[in-house]
Structure formats: C-alpha cells, structure tokens
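Visitor: Here it is: the structure, laid out below.
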Amino acid sequence: MKQKILILLTIATCFFALSDSRSTVDAADNKVFFNIRDYGAKGDGTTLDTAAINKAIETAASKGGGTVYFPAGTYLSFSIRLKSNITLFLDNGATLFAADPAVHKGKYDMPEPNEFDMYQDFGHSHWQNSLMWGIGIENFAIIGQGKIDGKGLSKRSPGPRRPRTAGETPASMANNPSPLGELAPITEMNGLGTKAIALKLSKNITLKDFTIFQGGHFALLATGVDNLTVDGLRVDTNRDGFDIDACRNVRISNVYVNSPNDDAIVLKSSYALGFNRATENVTITNSQVSGFDLGTFLDGTFKTTQEFAPDKDRVTGRLKFGTESNGGFKNITISNINFVHCRGLALETVDGGYIEDISISNITMRDITTAPIFIRLGKRQRAPDGTPVAKIRRVTIDNVVVSDAHHEYASIIAGLAESPVEDVRLSNIRIHYKGGGTKQDAARVVPENEKSYPEPSMFGVLPAYGFYVRHAKGITFDNVKVTFDKPEERPAFVLDDVKDIDLFRIDAQPTSAFFVLKNVETFSVQQSKNIKDQRIERVEQKQF
C-alpha cells in the first residue's frame, strides 16, 4: 500500500511540475521520475519510440534508478533493454505496441548465441530477441493498468539445433537451410521478436496489473529468475502465457491467462543456462487459465469456435510442468485455479529432472479437452549424455471438480517400468466425462512411447474411462467419484504394473467392470459404493 501511495504521489507531483521540467526532483536534486515523452516519445502509434524509451531507461539507471512513466498513448517500439532499479509505469490508456519488422523500419535485437541450445527449442534458448528484455538485472518492476500489444511479434520457434557431426564445420552448416543446422535458427529468426518480456538470471522482479495481448511465442519468459512476483495480469495470447524456467521463489496470483494455441502457465526447467537448475519454491494461486478464441477473453465474448491447437491436439490453455525438465520441479504449491475450455493439469518430466513435494488443491475445470489430470514420467532425455532417468514422488492433488471432460482421455498416471511414479495421493476428486467409449476401446493395448513428446494423446484412446495408471507405486485414491453422460463400455480404472495402491470411498458409475488389474501387487479397495472391500497381494490379470 505504501508503494502504491508513493507512486501516485510521484505521478501527481509530475503533473503539476513546471512545463520545462523533465522529471520530479527530490531535495538532493536527483531525478526519480522519467516521462518518456520528455525523451522524445510521440505515442501516436506510427512513430517509432524505441530510442526515446531506451534513453529514458538509461537515464534513470544512470541516476541510480527511478520510475519510467508511460502516459496514455500508443508507443510503437522494437527491443527495449531493461535495467536494474527501474519501475516501468504503464498508465491507464498507455499501450506499448510491438513493431513489425515487415512493416516498420527496424529490427528486434539479435538472439544471442547459446552453446547449449541443442537441449531445448530455440524460443527457450534466447532472450534478447524480445520486445522487452533484461539479463542480470535486479529490483525491477512493470506496473500499471496499461497494455502490451505484441502484434508485431512472431510466434514461430525453430526446433533445437543438432550437434555438429563428424566432418562438419560451421561454414558448411551455415549453408544448410534446415533450422536444425548449427547457424540456421539464428539466421532464420534474424530481426524477429518472439517474446513480450524476457528475463534471464535476474532477481527481485515484480510484474503487476497490466494486460498483454498476443505476446508472441512467450508473453513472459523468465529463466533463472529469483524472487519473481506476478500479480493481477490479464493475458490473451497466441502461444504460451507464462514460462517460468529454472526459477526460484516465485509467486503468481490473481492472473487470467487465455492461450488457445499453447500453454497458459507452464513451469519449466530447461538446460538453457548450461546447467541443471530446478524450478522450486513456487506458489500459483487465485487464477484462471483458458483456451477461448484469441482476443475473445479480453473483449468479453469468450468464443469457442477454435477446436485444435497447432500441435493438432485440442485447444491448450492449461497449467503444466514441463516439457523441458532437465532440472526438475520442487516444493510447488498450486491452489484455487479455474480451468475453462482447455486441456487439464499436466505434470511432466521427460529429460531427467525430479518432480517432488507438490501440493495442488481447490481446482475447478469445465469443458476439458484432454485428460483432466496427466502425470507423466518419460525418457525423452533431451539432455547431456549421462543424464539419469527422472523421478516423480510426493505429489498430493486434493479438491478437484471437473465437468464435461473429453471421453477419449481418462486421467493418467504413467511412469516407466524402470522408474515408476511414486507416492501420489488424489483425494476429494469429482470428474464427469462425456462418455462414449466402446468395447474396442476397452480392449486396446496402450503403447509405451517412452521417448515421445508427452501429451495425453500420445497413448491414443484409453481403455479406462476414469483413470489409467501404469508403472506406479504408492498410489492412494480417497473419496474419488467418476461419472459419464453417454453410454460407456470401458471400466472406471485400469491398473497396469502398479504396486501398493489403496482406494477408499470410490464411487464409479457402473459399466462392465469397475477395475481391470494387470500385474498388480498389494491392491486394496475399501468403503466404496457397490464395490466389495477386498485386498489382493498379487494378481497377473483380474477384473471386477
């Protein structure tokens, strides 16, 4: 509250300052407030204001910091270079508008070289090719009720480059037009901006109250950022919303993120920094993720005409861990989240990192386009040689209500035979599926696809309508109810290579069977509706 009052008083003082004064001045004659119009910004939406904005930021930084003020207007810009001890204040009516290299005379900053970019996609490996970027900055904030419009940003992302093979040289690979060549991705993306905000190896960052529309590949990419607060943002974007990569001490709250073509809030732990670094000590709360048609969240029409995302699966818009997962995810709390017309909750590690000590509670989901809950441990291993296989353990998911979930996608817990998912507890869960599974679906043999990109669709239509669990141990279901609309011929639960699984107070809408067990050890079900209490020490094949 004190900070808000101070900011408002500073702005008010500026408005009443003499017309030839460039900034508010304190008793020591130090500038603390920097209006970008005083540095040449026009705000007319046609004049490039890049130089003026950067000059205001550089001047503020040279004075030890301060507030760089964007009054009402539309500020057309290429790359803005962020500095420490600066607050950008986007006032109501102010729009920072991303210029288009194909239309306006200019380019975004070149993506910097990254010798580790073969381990993650191009977009995760570079920061300078952005509308706003900061590397190694601290004590920085963007606040205010203004808007960032990323219309001129690109949402493209070449895949990771391949390592050089025997006999190849940088010169010979530069002639390779494929984006997999060593130099081709940077050349291909020359002059394009792909992120609204990109931060690397920074600390004490606050992003508060503004709006982002069409933020490029990432509305926010934060890599190796500590003490990051994101509060009150409204995002309606054409690819990812927030990518929180290898960050520590993160608080995301009171945000709305709409992203029909990619993930809304996604935690990652890539190898982009050149070493493994877990994303840890994260709280995400009191927020909404969705997959409404682009722009219809901000304009309030909430349209759902788009059916598929660019990856050919149904619209995205979800909250996810992964896919980049070299460093792992630890000590994460997620609570009070609405999912609307999007994919469900996804916890994925496929590049060697551990997922452990996760608490997720008070989740509501409506119109869910793939699996409501997807927990996947895989072995893609896009990581340095010798990286061990991942683990998932100590995960609690409690108080989840889901309606109108797609019938092809049961909720999934799937590990590997060599590294099962461990110690997962699901309690107080209500999932209502659309239904419609057939006997042929129930008889399907589900492929392992251990090295595939992790998505619920990787397994095809599942032989269970409620939960499919494979390669797991120490799993508890407590007070879980699964139901459906259309006639359903699959069992509620299929358990395959599962050890130490306890089910209490299960309420499953009846079909030909409640459970199908394959290679299961130490199974128990108790106090469940229409299901007799029983304990099975070991069984190769059984259904009941």
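Visitor: So for the chain, averaging the separation of alpha carbon pairs under 8 Å that are six or more residues apart and normalising by length, what relative contact order in percent results? Provide the component values of the computation, followed by the final result.
Guide: Numbers: 1712 pairs, mean separation 36.9, N = 544.
Normalised by residue count, the contact order of the chain is 7 percent.
Visitor: Next question, about the same structure. Could you sort 263-275, 298-310, 32-44 so that the peptide with the highest average Cβ count within 10 Å comes first and the rest follow in order?
Guide: On the way: 263-275: 25.2, 298-310: 12.8, 32-44: 19.8.
Ranking the peptides 263-275, 298-310, 32-44 by packing returns 263-275, 32-44, 298-310.
Visitor: Helix 2-15 against the longest principal axis of the chain: what's the angle in degrees, Cα atoms only, rounded to the nearest 10?
Guide: 30 degrees
Visitor: Order these peptides, 351-363, 532-544, by their mean beta-carbon neighbour count within 10 angstrom, highest first. Numbers along the way, then the final one.
Guide: Working: 351-363: 21.8, 532-544: 11.4.
Result, highest mean Cβ count within 10 Å first: 351-363, 532-544.
Visitor: Just the accessible area for residue 502, please: 1.4 Å probe, Å², rounded to the nearest 10?
Guide: About 50 Å², ignoring ligands and nucleic acids.
Visitor: Now for a different question. Of 279, 516, 139, which is farthest along the charge dipole of the chain in the positive direction, counting Lys and Arg as +1 and Asp and Glu as -1 at C-beta?
Guide: Projecting each Cα onto the dipole axis, the largest value belongs to 139.
Visitor: So if R0 is 60 Å, what FRET efficiency would residue 58 and residue 448 give, r being the distance between their Cβ atoms, rounded to the nearest 0.05?
Guide: Values: r = 55 Å, r/R0 = 0.91.
With a Förster radius of 60 Å, E is 0.65.
Visitor: Round to a whole number: what % of the accessible area of the chain belongs to carbon and sulfur, probe 1.4 Å? Could you put the intermediate results ahead of the total?
Guide: Values: 10140 of 20680 Å².
Using a 1.4 Å probe with all protein chains present, the chain comes out at 49 percent carbon and sulfur.
Visitor: Starting from the Cα-Cα distance between residue 529 and residue 543, subtract it from 0.36 nm times their residue separation and give me the gain in nm to one decimal. Don't skip to the answer; put the middle values down first.
Guide: Numbers: separation 14, 0.36 × 14 = 5.04 nm, distance 1.65 nm.
Going from the current span to full extension adds 3.4 nm.
Visitor: Further, regarding this structure: Can you pull the one-decimal nm distance between simple spin-label points at residue 100 and residue 338, each 7 Å off the Cα toward Cβ?
Guide: Distance between the two pseudo-spin positions: 3.3 nm.
Visitor: For residue 486, which aspartates and glutamates qualify as cross-link partners when the Cα separation must be under 20 Å and same-chain residues fewer than eight apart are set aside?
Guide: Excluding near neighbours in sequence, the set is 367, 404, 408, 441, 507.
Visitor: Something else about it: Which links in 195/379; 268/391; 105/155 stretch past 18 Å when you go from one Cα to the other?
Guide: Details: 195/379 29 Å; 268/391 15 Å; 105/155 20 Å.
Pairs exceeding 18 Å: 195/379; 105/155.
Visitor: What is the angle, in °, between the Cα long axis of helix 50-62 and the longest principal axis of the Cα atoms in the chain? Nearest 10 is fine, range 0 to 90.
Guide: 80 degrees
Visitor: If you don't mind, there's one more thing I want to ask. Counting only C-alpha contacts under 8 Å and six or more residues apart, can you give the relative contact order of segment 326-372 as a whole percent?
Guide: Working: 81 pairs, mean separation 25.5, N = 47.
Rounded, it is 54 percent for segment 326-372.
Visitor: Here are some values of percent of Cα pairs over 45 Å apart: (1) 20; (2) 29; (3) 40. Which one was computed from this structure?
Guide: (1)
Visitor: What is the spin-label model distance, in nm, from residue 47 to residue 362 if the labels are put 7 Å beyond Cα along the C-beta direction?
Guide: 4.9 nm
Visitor: Could I ask something else about it? Which value, in debye to the nearest 20, describes the size of the charge dipole of segment 99-142 about its Cα centre when Lys and Arg Cβ atoms bear +1, Asp and Glu Cβ atoms bear -1, and nothing else is charged?
Guide: Values: 2 positive and 7 negative charges, 53 e Å.
The dipole of segment 99-142 has a size of about 260 debye.
Visitor: Can you give the accessible area per residue of the chain, in Å², using a 1.4 Å probe?
Guide: Working: 20680 Å² over 544 residues.
Here the residues of the chain average 38 Å² of exposed surface.
Visitor: Say the dipole of the chain comes from +1 at the beta carbon of Lys and Arg and -1 at that of Asp and Glu; which of 395, 154, 254 then lies farthest toward its positive end?
Guide: Of the candidates, 254 comes out farthest on the positive side.
Visitor: Can you give the helix-only mean residue ellipticity at 222 nm for the chain, where every DSSP H stretch with n ≥ 4 adds -39500 (n - 2.57) and the sum goes over all residues, rounded to the nearest 500 deg cm²/dmol?
Guide: -2000 deg cm²/dmol
Visitor: Mind checking which of 78, 449, 534 is farthest towards the positive end of the chain's charge dipole, using Cβ charges of +1 (Lys, Arg) and -1 (Asp, Glu) about the Cα centre?
Guide: Positive-end residue among those listed: 534.
Visitor: Based on the Cβ-Cβ distance from residue 251 to residue 518, what FRET efficiency comes out when R0 is 41 Å, to the nearest 0.05? All intermediate terms of the calculation are to be shown ahead of the outcome.
Guide: Values: r = 43 Å, r/R0 = 1.04.
With a Förster radius of 41 Å, E is 0.45.
Visitor: Would you list 81, 318, 234 from the most to the least accessible area, probe 1.4 Å? Write out the running numbers ahead of the final one.
Guide: Values: 81 95, 318 5, 234 65 Å².
Accessible-area ranking of 81, 318, 234, largest first: 81, 234, 318.
Visitor: Okay, moving on. What do you reckon, how do 231, 500 stack up by accessible area (1.4 Å probe), largest on top? Don't skip to the answer; put the middle values down first.
Guide: On the way: 231 25, 500 65 Å².
Correct descending sequence by accessible area is 500, 231.
The values are calculated or read from the model by the stated rules, or taken from the named source; none is laboratory data. Please read all numbers here as calculations on a predicted model, not as lab measurements. Note: ideal-geometry Cβ built from the backbone for every residue, glycine included; neighbour counts use all protein chains shown. The accessibility values were calculated without ligands, DNA or RNA, using every heavy atom of the protein model including side chains. Shrake-Rupley method; radii C 1.70, N 1.55, O 1.52, S 1.80 Å.
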